[in-house]
Amino acid sequence: MTRLLLVDLDEDLVAAWQVAFAAQIDEGTVEVRQGSLLDALPEVDAVLTAGNSYGQMDGGVDRALSQHWPSLQRSVWAALGDDFHGYLPVGSASVVPTGDDSCRWLVYAPTMRVPMPLVGGLDMAAHDAFWAALLAVGRIAEPVARIAAPGFGTGYGRLRPERAAQLMAAAFTLWKLPSTTQISHREALLRRREG
């Protein structure tokens, strides 16, 4: 079972995660921590990050990661070029090796085509990107015991912490269901209203 470590500097987001992920925290599948994502890297096998469809990693968490791993920006562009013609659609994710022996993988999942606020119904992109990132963890060819993620859509996307936490928790809850689980149309509508 893969465990999730949610890490962010924003104390409001951390508080919102503690509410949205309360059941998962209690069962031990999720840990929430305030701090730098970089400090958590030695503890995890993979880090999930939101970004834009062109793989430009020059702001926020992406910038910190690309400064931590100097070849990461080129690796992300190469992966997007090889697998997606240089454009990774929102709701997709790409797995990129970091070259680090401790945190070996970056899962890059855009919440937006270009840096922009997620307003006017675009907030669901945070859910879809986090969902795609979680699914991509399953494509890693080695066991992944622990993953870390910052807030999705909370930087350039400017999502409110509560909304980002709800969307991420909804995606994580779906990911934890057995793959054979069928979700009825009614359940999907109820979840949409809750999210």
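So that you can scan it fast, the table gives a plain yes or no per residue for (1) in contact with a strand residue (DSSP E or B) (Cβ under 8 Å, 6 or more places away or on another chain); (2) modelled with pLDDT under 95; (3) among the polar types (S, T, N, Q):
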position	(1), (2), (3)
GLY121	no, yes, no
ALA132	yes, no, no
THR154	yes, no, yes
ARG160	no, no, no
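Quick one: how many residues across segment 26-59 are closer than 24 Å to GLN73 by Cβ and of a type in the set (D, E, K, R)?
Qualifying residue count, segment 26-59: 4.
Does GLN56 satisfy the criteria of being more than 22 Å from ALA145 (Cβ to Cβ) and assigned to a helix (DSSP H, G or I)?
In short, no.
Residues are listed down the side, and each one gets a yes or a no for (1) in contact with an Asp or Glu (Cβ under 6 Å, 6 or more places away or on another chain); (2) at positive phi; (3) buried (at least 23 other Cβ atoms within 10 Å of the Cβ); (4) part of a helix (DSSP H, G or I):
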position: LEU5; (1), (2), (3), (4): yes, no, no, no
position: TRP17; (1), (2), (3), (4): no, no, yes, yes
position: ILE25; (1), (2), (3), (4): no, no, no, yes
position: GLU31; (1), (2), (3), (4): no, no, no, no
position: LEU38; (1), (2), (3), (4): no, no, no, yes
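Can you go through ALA93, ALA126 and tell me which one is touching a Gly at 6+ places or on another chain (Cβ under 8 Å), among the small types (Gly, Ala, Ser), closer than 25 Å to ARG163 by Cβ and at pLDDT 95 or above?
Of ALA93, ALA126, the one residue that is touching a Gly at 6+ places or on another chain (Cβ under 8 Å), among the small types (Gly, Ala, Ser), closer than 25 Å to ARG163 by Cβ and at pLDDT 95 or above is ALA126.
Name the single residue, out of those in segment 75-99 being of a type outside the set (Ser, Thr, Tyr), touching a helix residue (DSSP H, G or I) at 6+ places or on another chain (Cβ under 6 Å) and outside any loop (DSSP other than H, G, I, E, B), that is nearest to GLY121 (Cα to Cα).
VAL95
Do the conditions hold for SER102, that is, is it touching a residue at least 12 places away in the same chain (Cβ under 8 Å), surrounded by fewer than 14 Cβ atoms within 10 Å (Cβ to Cβ) and touching a helix residue (DSSP H, G or I) at 6+ places or on another chain (Cβ under 7 Å)?
yes
The values are calculated or read from the model by the stated rules, or taken from the named source; none is laboratory data. Predicted, not measured: the structure shown is a model, and the values here were computed from it. Note that each Cβ is placed from the backbone with ideal geometry, even for glycine, and that neighbours are counted across all protein chains shown.
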